[in-house]
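These notes are about the structure you will find just below.
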Amino acid sequence: MSAIAQPVMTPQDIDRFLITEFPQLHTDGRHFTTLSVGPGTATMRLDPDTRHLRPGGTISGPAMFTLADVACWITILAQIGPVAMVVTTNLNINFLSMPAPKPLDCSCRVLKLGKRLAVVDAILHQGDESRPVAQATGTYSIPPR
């Protein structure tokens, strides 16, 4: 992979974009926050409430899947700018352990960023990337400019 330049969007830019272009993400309150962006990377946090939990007191699979998908998506946007129609074409997730009902981070890195396609790796963790609770790989279609 060739070197990826500095991101063109800040965490604040991304959060403002999500509020205007993807407001349904925050329908029941603001639970998703962009923590950081870097060259080819981004980290997003889910602050779960009861709707994100499943019986047994762990964060649900659908909540983790949503976090992985949105975090991968914003990782791409941080690199290319606010392109709303970057769409998921595939997302595979591996659930590795049961996360506690507390904030969950998703640290992403771009594996490929082409003109029409991007592939992103995501690690979901609770503060220690070396102890992931899930891992996902997402592929996204980038519309022509």
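Between 0 and 90 degrees, rounded to the nearest ten: what's the tilt of helix 61-80 against the longest Cα principal axis of the chain? The answer is roughly 20 degrees.
A full extension of the chain between Val87 and Arg16 corresponds to an added length of 23.7 nm, given 0.36 nm per residue minus the alpha carbon distance. Relative to the longest principal axis of the Cα atoms of the chain, the long axis of helix 11-21 lies at roughly 90 degrees. Electrostatic bookkeeping for Ile76 treats Lys and Arg as +1 and Asp and Glu as -1; over the other residues with beta carbon under 13 Å from its beta carbon, the sum is +2.
Counting heavy atoms of the protein chains alone, Asp128 has an accessible area of about 70 Å² for a 1.4 Å probe. Measuring r between the beta carbons of Val8 and Leu53 and using R0 = 25 Å, the FRET efficiency lands at 0.10.
Within the assembled protein chains, the solvent-accessible surface assigned to Val87 is about 60 Å², based on a 1.4 Å probe.
Based on C-alpha pairs under 8 angstrom that are at least 6 apart in sequence, the chain has a relative contact order of 23 percent. For region 38-129, the dipole from Cβ point charges (+1 on Lys and Arg, -1 on Asp and Glu) about the Cα centre works out to 300 debye, to the nearest 20.
The values are calculated or read from the model by the stated rules, or taken from the named source; none is laboratory data. These numbers were taken from a predicted model, which means no experiment stands behind them. Glycine gets a Cβ as well: all are built from the backbone with ideal geometry, and neighbour counts include every protein chain shown. The area values use the complete protein model at the heavy-atom level, side chains included, leaving out ligands, DNA and RNA. Shrake-Rupley method; radii C 1.70, N 1.55, O 1.52, S 1.80 Å.
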